[in-house]
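The values are calculated or read from the model by the stated rules, or taken from the named source; none is laboratory data. Keep in mind it's a predicted model, so treat the numbers as computed, not measured. No Cβ is skipped: glycine too gets one built from the backbone with ideal geometry, and neighbour counts run over all protein chains shown. Side chains included, ligands, DNA and RNA excluded: accessible areas come from the protein's heavy atoms. Shrake-Rupley method; radii C 1.70, N 1.55, O 1.52, S 1.80 Å.
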Amino acid sequence: MKPFTFSMGGEAGYGIASTSLNFSKLAMRSGYSCYTYLEYPSLIRGGHNVFFTTFSKEKISGPYKTIDFLVALNQETIDRHIENMSKGSMVMHDSAQKLNLPTGKSLHYVDIPFMSLARSLGAILLRDVVALGAAIALLDGDLKILDGIIKEEFAKKGEAAIKRNFEAAQAGFDYAKKYFSLAVKPILTPTKSTKKMIINGNEAVAFGALAGGMQFSAIYPMTPTSNILHVLAPLQEEYKFIYKQPEDEISAINMAIGASFAGARSMVATSGGGFCLMTEAFGLAGMTETPIVVIEGMRGAPATGLPTWTEQGDLRFILHAHQGEFPRIVLAPGDAEEAFHMTMKAFNLADKYQTPVVVLIDKLVCESFQSFAPLDSSKFKIDQGKITYDVIRNYQRYALSSDGISLRAPAGTGNHVMGNSDEHDTYGYSTEEIETRNAQMKKRMTKLTTCAKKELIEPKLYGPKNAELTVVGWGTTKGAVLETLKQLPKVNFLHLNWISPFPADSVAKHLKKAKKIVNVELNYSGQLGGLIAEKTGIKIADNILKFDGRPFFPEELVVELSKRL
Amino acid sequence: MTKTTEELLTPVNCNWCTGCGNFGIWTAFKKAAVEKGWDNHNTALVAGIGCHGHILNFLNLSSFEGLHGRAIPVASGIKLANHKLNVFVFTGDGDCLSEGGNHFIHAARRNQNITVILHDNAIYGLTTGQTSPRSPKGFVSKSTPFGNIEEPLNPIQLAMAAGATFVARAYEGDIEHLKEIVIRANAHRGFAVIDVLQPCVTFNKLYTHIFYQENIYKLGREHDASKKPAALQKAMEWGLKKIPVGVIYESKAPSYEEQIPLLKSGSLVSNKIKKRDLTKLFSKYV
Ligand SMILES: Cc1ncc(C[n+]2csc(CCOP(=O)(O)OP(=O)(O)O)c2C)c(N)n1
Ligand code: SF4
């Protein structure tokens, strides 16, 4: 089945985001794999909100631009998206809104009075639900599946709310069946499939943290990672951890460091701007060898930038933030599933290497909903590395060792434990002596070599082994490139999700074999390309770069890559 | 249990200037620790960056010397992770009121059960003598060669306004008095601030030992520390013969930690780190 993209757009404040999740669930429960991408401005009311759910029987990994069915709840939806409609596709609107509908394109307009139907049911806010009901009818979906979703969504609000939403969906459904029965296409027809779950990257990170034994999190709200705290905060009692909203990001990371010093698995989550405030304590964690996990969700930058849009502009920032040098581990999951596994792993890595670990994601991974086989953590085991809770004679927090890792004892265990931001000796006392400085610096940096030897997971090569063209990318571009590969069988894709320590050998090995290479990134200067050159000596001359806040879409990549074949 | 002050010593020699007010704070703290049995099982110390922060090198108690201005949030984290610990913050007036002012206000507002010992020397010591938020108007220093134009901050008032529930002032030269106040502050359940008048003999030629000895007076029975308006009135007093020392304000309010239901059954870190089963949670996402 060709991927089918359903889209709905309207002004902010009408619950388009929750409708998008409902539609995604509907597609998943009808037996399809799906991916939902959302666009919205940094406003609560008045701006333009739109979602795109692409679904298919085959796995869908990224967002599509071409729309096959559009629900227009306002003029802006028409103006912005009509140009991306596929031939012969359907546009649902309400003629009472008197939208200016372009003619000429072979589009099929379907007029559903969702405004008056919603009003007759008592609330204009129900119009999304009416529209959804009508869309289900036109796509040959099963309304009962939506009823089930509504029931879960409004369980807390009570029977009356459930009933109203049922009625709204039914009204839309009935109207479409009655007046447009000839337009019905078997697109969303329920079909059998394996069990799936639907999550976005923020949820995946929160789940990864929970599964990974997180005990303390301090998160100051910032798009696109705020949802991590929204997921975590209500779960604290049940899962026995603390979420704290601090006064700022400086406090957040220092609190996390304090909690970790006392023995709690700790994390923070933010975006680039918040991470700017964290950089001083980021290095403090490195210097004091305090394990912490930092989640950084990139958005358009610099400064406040494009708050609700995406970018991969922070790669170099994360790699170099803070003065001087210390070991940092940087992971860059390419989708929610990877984000789940890598967040779990990040907690182990932080403990084992006693240093900060960054999970670098972006708005697309954070906020896009994707269906996956149920997340499976059965292979994961908690590993705290070298740690003791016993009283050790002559305990030395920063004792030298061949792998660079010392025995960690949390404060409160009876040992004299010193965390010291100043250069320190093996006990933690401040010192400026040459030998001690050299020994401690080497010890810290050795941890990264140890980590590279023991942990590093090589980048994955997707597609054929021998290809005409090799695409290189990291993190979030995975989805769009994988979708592109479906159409270009002569292209393969080297996806990096482990950035520091850098997998130089395997990247070099793959790239030396490649016939032609193109680097694909969501930033202005091709930061990964630079990093690859630095680490492997291989200079990739060809780049496809984008920094307009929008993700890559397979439609544009197919065009770009085809030029190179 | 710490039994003697000798047990609290470390191999590191004190490096404060001779006559520095930090010695008094160090001595008073050691005495309090011996009296109350503060040790590596039950106590954690945090300091900022400044001359004051060196104190951690001279105490055989678990400690974290963090960043300039950021001692309080580290202490907050320690306390949330293990609220059974006595948590002390040693901070300077630059550290606490300038670089870390935001943290000071918010920790007070949260009423976390932490004791903040503010080494108030009204100068930046470690960076060799610039004006601090405690330096008086007109103060001449390396950064204000023509005299300080700004008004100083009053940490007592600030702490009270922000919601601290125990606010005291002490002079480091009166070791017994300071020790008693440190013990009381730690026993207090909530955010406790002690503004310690700490002469910097090298860079602050105004607020000297003699100056404080001549101008402080101890609050007597007539001062009711539980009455906020009266206490605020006292907090505003500062001048010749008019620097009150003692507990200025003390009130009862639940501490932050007391209000977290999860901590009723034990500290956060008393729960073993373990992988959590999310089957139940995942059922909402299918
Ligand atoms: C981010 C940062 N800015 C500046 C400094 C330099 N610095 C170190 S201590 C200090 C001020 C010290 O004054 P105070 O906190 O009153 O402590 P004191 O030395 O007087 O005890 C400054 C500005 C620093 N270490 N870090
Ligand atoms: S500079 Fe001042 S505060 Fe610092 S040690 Fe010397 S006297 Fe004490």
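Sorting A:257-269, A:220-232 by their mean Cβ neighbour count within 10 Å, with the most densely packed peptide first, gives A:257-269, A:220-232.
For a modelled paramagnetic label at B:SER270, 7 Å from Cα along Cα-to-Cβ, the residues of the stretch A:226-246 in reach, with backbone nitrogen under 18 Å, are A:237-242.
Classify the stretch B:1-100 as rounded, prolate or oblate, taking a ≥ b ≥ c as the square roots of the eigenvalues of its Cα gyration tensor: rounded when a/c is under 1.5, otherwise prolate if a/b is larger than b/c and oblate if not. Oblate.
In chain B, Rg over Rh equals 1.01, where Rg is the alpha-carbon radius of gyration and Rh the Kirkwood radius from pairwise Cα distances.
Determine the percent antiparallel among the DSSP beta bridges restricted to the stretch A:1-118, to the nearest 5.
Details: 15 of 27 bridges.
That works out to approximately 55 percent antiparallel.
Going from the chain on its own to the full set of protein chains, the stretch B:41-69 has these residues losing 20 Å² or more of accessible surface (heavy atoms, 1.4 Å probe, no ligands, DNA or RNA): B:HIS41, B:ASN57, B:ASN60, B:SER62, B:SER63, B:PHE64, B:GLU65, B:LEU67.
Remark: accessible area buried at the A-B interface is about 5000 Å², both chains counted, probe radius 1.4 Å. Per residue, the accessible area of the stretch A:1-153 comes to 36 Å² when a 1.4 Å probe rolls over the protein heavy atoms. Springs join every pair of Cα atoms under 10 Å in this Gaussian network model of chain B, and among B:GLY100, B:GLY37, B:GLY77 the largest mean-square fluctuation is at B:GLY77. Whole-Hz Karplus values for the stretch A:429-438 come out as 6, 4, 8, 10, 5, 4, 4, 5, 4, 4 Hz, taken residue by residue from phi with 6.51 cos²θ - 1.76 cosθ + 1.60 and θ = phi - 60°; glycine and proline positions read x. The GluC sites (Glu not before Pro) of the stretch A:1-103 that DSSP puts in a loop, and whose beta carbon has at most 14 other beta carbons within 10 Å, are A:GLU58. When shorter helices are ignored and each DSSP H run of at least 4 residues is given -39500 (n - 2.57), the per-residue value for chain B at 222 nm works out to -7500 deg cm²/dmol.
Of all aspartates and glutamates in the structure, those lying under 20 Å Cα to Cα from B:LYS3, and not within fewer than 8 positions of it along the same chain, are B:GLU35, B:ASP39, B:GLU176, B:GLU180. Across chain A, Cα-Cα distances exceeding 43 Å account for 25% of all pairs. Shown for the stretch A:164-282: the carbon plus sulfur share of the solvent-accessible area, taken with all protein chains present and a 1.4 angstrom probe, equals 56%. Counting only DSSP beta bridges with both residues in chain A, the antiparallel share comes to about 35 percent. Remark: spin-label model distance A:THR191-A:LYS177 equals 2.3 nm, labels positioned 7 Å along the Cα→Cβ axis. For A:SER271, the residues whose amide H sits under 5 Å from its own are A:GLY297, ignoring neighbours fewer than 5 places away on the same chain, with H placed 1.01 Å from N. The phi-based Karplus calculation (6.51 cos²θ - 1.76 cosθ + 1.60; θ = phi - 60°) puts the 3J(HN,Hα) values of the stretch A:119-125 at 4, 5, 8, x, 8, 4, 4 Hz, whole numbers, x for Gly and Pro.
Using a probe of 1.4 angstrom and keeping all protein chains present, the accessible surface of the stretch A:178-315 works out to 28 square angstrom per residue.
Roughly how many Å is it from the Cα centre of the stretch B:6-52 to that of the stretch A:1-36, as a whole number? The two parts, judged by their Cα centres, are 62 Å apart.
With the radius of gyration and the Kirkwood radius both derived from the Cα set of the stretch B:127-279, what is their ratio Rg to Rh? Kindly include the intermediate steps, with their values, before the conclusion.
Numbers: Rg = 20.0 Å, Rh = 18.0 Å.
Rounded to two decimals, Rg/Rh equals 1.11.
In the stretch A:248-287, comparing the full protein assembly with the chain on its own, the residues that lose 30 Å² or more of accessible surface at a 1.4 Å probe are A:ILE250, A:ASN254, A:MET255, A:GLY258, A:PHE261, A:ALA262, A:GLU280, A:LEU284. Going by the alpha-carbon gyration tensor, a ≥ b ≥ c the square roots of its eigenvalues, is the stretch A:199-372 rounded (a/c under 1.5) or, if a/c is not under 1.5, prolate (a/b greater than b/c) versus oblate? Here the stretch A:199-372 falls in the rounded category. Shown for the stretch A:386-455: the carbon plus sulfur share of the solvent-accessible area, taken with all protein chains present and a 1.4 angstrom probe, equals 50%. For trypsin sites (Lys or Arg not before Pro), the sites in the stretch A:486-565 that DSSP calls loop and that have at most 16 other Cβ atoms within 10 Å are A:LYS490, A:LYS515, A:LYS516, A:LYS539, A:LYS563, A:ARG564. Largest accessible area first, the residues B:ILE210, A:ILE149 order themselves as B:ILE210, A:ILE149 under a 1.4 Å probe with ligands, DNA and RNA left out. Can you give the FRET efficiency to the nearest 0.05 for A:ASP376 and B:LYS228, using r as the Cβ-Cβ distance and R₀ = 51 Å? Result of the calculation: an efficiency of 0.35. Per residue, the accessible area of the stretch A:386-455 comes to 49 Å², computed with a 1.4 Å probe over protein heavy atoms only. Every helix of 4 or more DSSP H residues in chain A counts as -39500 (n - 2.57), and over all residues that averages to -11500 deg cm²/dmol at 222 nm.
Classify the stretch A:386-455 as rounded, prolate or oblate, taking a ≥ b ≥ c as the square roots of the eigenvalues of its Cα gyration tensor: rounded when a/c is under 1.5, otherwise prolate if a/b is larger than b/c and oblate if not. Oblate.
When you filter the GluC sites (Glu not before Pro) in the stretch B:131-236 for DSSP loop state and at most 14 other Cβ atoms inside 10 Å of their Cβ, you are left with B:GLU150, B:GLU222. Take the Kirkwood radius over Cα pairs of the stretch A:4-194, plug it into Stokes-Einstein at 4 °C and 1.567 mPa s, and you get 79 µm²/s for translational diffusion.
Computed from phi, the 3J(HN,Hα) profile of the stretch B:175-185 under the Karplus parametrisation 6.51, -1.76, 1.60 (θ = phi - 60°) reads 4, 4, 4, 5, 4, 4, 5, 4, 5, 5, 4 Hz, with x in place of Gly and Pro.
If the convex hull of the alpha-carbon atoms of the stretch A:516-558 is projected onto planes in all directions, what is the mean projected area in square nanometres? Mind dumping the intermediate values first?
On the way: hull surface 13.0 nm².
So the mean shadow area of the Cα hull is 3.3 nm².
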